[in-house]
Amino acid sequence: MYYNSIIDTIGNTPLVRLNKITEGIKGTVLAKMEYFNPGNSMKDRIALSMIEDAEASGILKPGGTIIEGTSGNTGMGLALVAIAKGYKCVFTLADKQSQEKIDILRAVGAEVIVCPTNVSPDDPRSYYSIAKKIKQETPNSFYPNQYDNINNTKAHYETTGPEIWEQTEGKITHLAAGVGTGGSMCGTAKYLKEQNPAVISVGIDTYGSVFKKYKETGQFDEKEVYPYLTEGIGEDILPKNVDFDLIDTFIKVTDKDGAIMTRRLAREEGLFVGWSCGSAVFGSLEYARKNLAEDDTMVIILPDHGTRYLGKIYNDNWMKDHGYVESMDFANARDIVQNRSTNSSLLTVEAHQSVDEAIRMLHSRSISQLPVTINDEFVGSLTDSKILRQLIENPELKDKSVSQVMDPPFQFVAMDNTLDVLSSLINKDNKALLVRDEQDQVHIITQHDLLMAMTK
Ligand SMILES: Cc1ncc(COP(=O)(O)O)c(C=O)c1O
């Protein structure tokens with residue numbers, strides 16, 4: 001089985017359940033993983049639909065040029081479709097876009113023109129205005145205009161919506177998505193609401209964008225507009241693809257909250273996604289915490305891949321420079337211990353107890369590791385993954401004593417060690433550390449504690 005060209009692989013992306021960051025939330029929360037598209041974003045879908053419509057209506061003829069103002073992902077989708085169908089591409093981008101996005105577009109043969117971010121859309125220097133001007137000056141050219149081209153919404157109505165409906169077997173109760181051009185949210189919501197009018201749609205907006213206020217008051221408030229960094233969502237215009245009747249409510253998310261959640265998605269869920277994905281998840285979970293019931297199923301559209309943000313939110317120095325991980329500079333083992341919500345004493349297992357008892361302790365407290373003691377002295381350690389491996393080889397081990405399967409004890413470190421030092425000491429062979437406080441009480445520091453402290 002093979003595809004005739006790369007564009008035949010667009011769509012049919014998987015739905016993946018979020019497992020860890022949804023702790024404490026009722027219901028099922030699923031991510032629609034759009035980076036599985038060949039251009040690594042959901043914009044491949046709209047690129048195909050806009051170009052095929054232009055071909056069908058005779059606007060785009062063989063050998064033509066596609067010109068678009070794009071934040072990068074739409075450009076990538078258009079470039080792939082253009083290669084398969086034999087067109088040229090010229091793209092204009094705002095200079096807040098990541099260098100990776102610009103490089104990627106050039107890698108697939110597009111001409112890229114970088115324009116200033118902080119000018120109004122009707123300023124002749126804006127990327128909207130420059131794209132329009134080039135269009136006027138280029139014969140046999142097509143300006144898809146993803147903001148106002150209704151084939152954007154149509155692509156999601158015809159593909160993303162039906163995919164989600166089938167993948168959830170009609171069980172979806174809530175749809176959440178970032179809103180930029182509005183195409184993904186409105187096309188998908190339109191289809192899903194037609195299947196079941198009770199489906200609730202939650203739009204994710206940024207601070208510095210006009211959407212939320214417009215939805216709530218009907219007022220286009222220019223005072224809401226100010227520069228922000230999150231790429232792809234929020235707008236200072238009202239694109240035709242945003243149908244406010246199809247979006248039940250908006251939640252605004254800050255650049256910082258979106259960035260930190262994106263890093264958590266990579267580390268805690270293995271979803272190496274783009275910045276607006278973190279914003280979408282952060283806002284959706286805020287909504288879900290208050291509104292989701294046990295039987296509800298929420299689907300969040302995650303638009304793109306993390307590679308395009310390696311130089312920004314996945315770069316520790318960039319994050320520090322933007323004040324997004326301030327706590328990292330100061331947090332140490334003492335902070336972790338003091339910030340614990342429960343102040344219960346350290347759970348340990350005695351070396352003479354059975355492996356079976358130890359497993360029950362791990363399970364009942366939902367923990368992954370245990371220090372092993374003999375008369376208050378730390379003599380060894382147990383971790384769930386290692387016990388499991390040993391039990392698979394030798395199921396009888398569960399009746400043996402802990403001393404027969406334990407590993408060396410966890411290392412003791414000083415309370416004032418900072419997170420970067422602590423994290424360098426925790427690895428696959430050394431799953432946890434121990435610290436002793438001024439009252440001589442011993443506490444455990446795990447990988448989970450470090451992750452929680454880093455993403456506070
Ligand atoms: C990374 C990213 N996230 C979210 C969006 C918003 O999606 P839509 O334009 O369908 O509203 C876009 C669109 O530009 C995007 O590129």
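The values are calculated or read from the model by the stated rules, or taken from the named source; none is laboratory data. As the structure is a computational prediction, the values presented were derived from the model and not from experiment. Please note: Cβ atoms are built from the backbone with ideal geometry, for glycine as well, and neighbour counts cover all protein chains shown.
Summary of values
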read-out	value
Test: Ile251 is more than 13 Å from the ligand (Cβ to nearest atom) and touching a His at 6+ places or on another chain (Cβ under 6 Å)	no
Hits in segment 401-421 (condition: under 16 Å from Val379 (Cβ atoms) and not acidic (Asp, Glu))	Ser401, Val402, Ser403, Gln404, Val405, Met406, Pro408, Pro409, Phe410, Gln411, Phe412
Residue that is farthest from Glu52 (Cα to Cα), among those in segment 162-186 that are within 16 Å of the ligand (Cβ to nearest atom) and not aliphatic (A, V, I, L, M)	Gly178
Residue check, Thr159 within 16 Å of the ligand (Cβ to nearest atom), part of a helix (DSSP H, G or I) and either in contact with a Ser or Thr (Cβ under 7 Å, 6 or more places away or on another chain) or closer than 15 Å to Ile300 by Cα (or both)	no
Single unsatisfied condition, Lys212 versus (1) within 15 Å of the ligand (Cβ to nearest atom); (2) touching a residue at least 60 places away in the same chain (Cβ under 8 Å); (3) part of a helix (DSSP H, G or I)	(2)
Wholly enclosed helices (runs of 4 or more DSSP H) of segment 355-444 bearing at least 2 residues under 20 Å from Gln338 (Cα atoms) and modelled with pLDDT under 90	419-425
Answer from Ile313, Ile300 - the residue that is within 16 Å of the ligand (Cβ to nearest atom) and part of a strand (DSSP E or B)	Ile300
Residues located in segment 216-241, provided they are hydroxyl-bearing (Ser, Thr, Tyr), in a loop (DSSP other than H, G, I, E, B) and away from the ligand (no atom under 16 Å from the Cβ)	Tyr226
Long-range neighbours under 6 Å by Cβ, at least six apart or interchain, first residue within 19 Å of Arg308 (Cβ to Cβ) within segment 107-136, second surrounded by 13 or more Cβ atoms within 10 Å (Cβ to Cβ) and polar (S, T, N, Q)	Ile113/Thr92; Cys115/Thr92; Tyr127/Thr92
Residues that are in contact (Cβ under 8 Å) with a residue 60 or more places away in the chain and among the aliphatic types (A, V, I, L, M), drawn from segment 49-82	Met50, Ile51, Ala54, Ile59, Leu60, Ile66, Ile67, Leu78, Leu80, Val81
Yes/no for Asp95 being at pLDDT below 95, closer than 14 Å to Thr70 by Cα and among the acidic types (Asp, Glu)	yes
Flag for Ile21 being surrounded by fewer than 21 Cβ atoms within 10 Å (Cβ to Cβ) and either more than 16 Å from the ligand (Cβ to nearest atom) or not in a strand (DSSP E or B) (or both)	yes
All positions within segment 107-126 that are over 19 Å from Ala82 (Cβ atoms) and out of contact with any helix residue (DSSP H, G or I) (no Cβ under 6 Å at 6 or more places or on another chain)	Val114, Pro116, Thr117, Asn118, Val119, Ser120, Asp122, Asp123, Pro124, Arg125, Ser126
Ile172 vs. criteria in contact with a Leu (Cβ under 7 Å, 6 or more places away or on another chain) and at pLDDT below 95	no
Looking only at segment 233-252, and only at residues there that are closer than 12 Å to Ile204 by Cα and of a type in the set (Asp, Glu), the one that is farthest from the chain's Cα centre (by Cα)	Asp248
Single match in Leu246, Leu292 (criterion: buried (at least 17 other Cβ atoms within 10 Å of the Cβ), modelled with pLDDT of 95 or more and farther than 22 Å from Gly187 by Cα)	Leu292
Top-ranked residue in segment 51-84 [being assigned to a loop (DSSP other than H, G, I, E, B) and among the polar types (S, T, N, Q); ranked as farthest from the ligand (Cβ to nearest atom)]	Ser57
Unmet criterion (only one of (1) assigned to a helix (DSSP H, G or I); (2) more than 14 Å from the ligand (Cβ to nearest atom); (3) touching a Phe, Trp or Tyr at 6+ places or on another chain (Cβ under 9 Å)) for Cys277	(2)
All positions within segment 58-81 that are over 28 Å from the mean Cα position of the chain (by Cα) and over 17 Å from Asp148 (Cα atoms)	Gly58, Leu60, Lys61, Pro62, Gly63, Gly64, Thr65
Considering residues of segment 1-18 that are touching a residue at least 40 places away in the same chain (Cβ under 8 Å) and in a helix (DSSP H, G or I) only, the residue surrounded by the most Cβ atoms within 10 Å (Cβ to Cβ)	Ile7
